[in-house]
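J.: Next up is a structure, given as structure tokens.
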Amino acid sequence: MKLLMIEDNKSVSEMMQMFFQKEGWDVTFAYDGIEAVDKFNESPDSWDMITLDLNLPKKDGMEVAKEIRAKSQTVPIIMLTARDSDSDQVLGFEMGADDYVTKPFSPITLVARIKALQRRAHTESEGDEKPTDEETKGTFDIETDHFKLNTSTREAYLDDKRISDLTPKEFDLLKTLAQKPRQVFSREQLLETVWNYEYYGDERTVDAHVKKLRQKIERVGPQVIQTVWGVGYKFDDSEVDNKK
């Protein structure tokens, strides 16, 4: 695995380098925001994982995440930060982070989170090679009166309008909800299903991703992701005709 660690604290970088070397990972370090963007842009498609400190000199982590996501929607990003407020975490996810680790953290925990995210990204990439049009014509894994989703092409449509620019997590979240219409999923259930590993963070991760997913759905039609207050979320397109 080729990993870019963006961290201005060289003591933390040196500590993590020992753990990364033990795993046999090829790691590159960047110590400020400008250097981070430059190193990423040298070969945007070559990185398998990025760990990104939020508090960086020259250019902060939020701006770095935004610039990385402008080049790659799929490279996994784990944010590392001493901040622990709701707004910072939600903003981090909105900028494109896939996971969030609060400092101080255990190196073993960070390695475990990287491995888990890598497994997820690897599973998703196995389906990246799209079948031909003939192979996928008229085939959808999920199909309702208003919604269609194809896992092989990783495309979703609402009333035949494509829901575009879905990140891997957003697509998996939409799939999880849509494959059981009107069933209510708690945030904990969604963390376990979509993130696919024992999650050490908190349930605000789900809220941040749902917010971004809803924004993309609303570009093409009525909202089909519903909040069930005090419980969680559900997919329901049964009233789409009434909302047109």
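J.: Please find the FRET efficiency linking Gln17 to Thr153, where r is the Cβ-Cβ separation and R0 is fixed at 35 Å, and quote it to the nearest 0.05. If you can, show how the numbers build up before the last one.
T.: Details: r = 39 Å, r/R0 = 1.12.
The pair Gln17/Thr153 has a calculated efficiency of 0.35.
J.: What spacing in nm lies between the two simple spin-label points modelled at Gln223 and Arg162, each 7 Å away from Cα in the Cβ direction?
T.: About 2.6 nm, to one decimal.
J.: Would you please calculate the Kirkwood hydrodynamic radius of segment 2-122 over all C-alpha pairs and express it in Å, rounded to one decimal?
T.: Working: mean 1/r = 0.0710 Å⁻¹.
After inverting the mean inverse Cα-Cα distance, the result is 14.1 Å.
J.: Report the far tail of the P(r) of segment 142-242, meaning the percent of Cα-Cα pairs longer than 16 Å. Provide the component values of the computation, followed by the final result.
T.: Working: 2662 of 5050 pairs.
Across segment 142-242, Cα pairs with separations above 16 Å total 53 percent.
J.: Counting Lys and Arg as +1 and Asp and Glu as -1, each charge on the Cβ, what is the dipole of segment 142-242 about the Cα centre in debye, to the nearest 20? Walk me through the numbers on the way to the answer.
T.: On the way: 16 positive and 19 negative charges, 47 e Å.
Approximately 220 debye in magnitude.
J.: Quote to one decimal, in nm, the extra length available between Lys211 and Asn9 on full extension: 0.36 nm per residue of separation minus the C-alpha distance between them.
T.: Result: 69.5 nm gained on full extension.
Quick note: the coordinates plus some simple rules give every number you see, no bench work behind them. All values reported here derive from a predicted model rather than from experimental measurement. Heads up, the Cβs are rebuilt from the backbone with ideal geometry, glycines too, and the neighbour counts pull from every protein chain shown.
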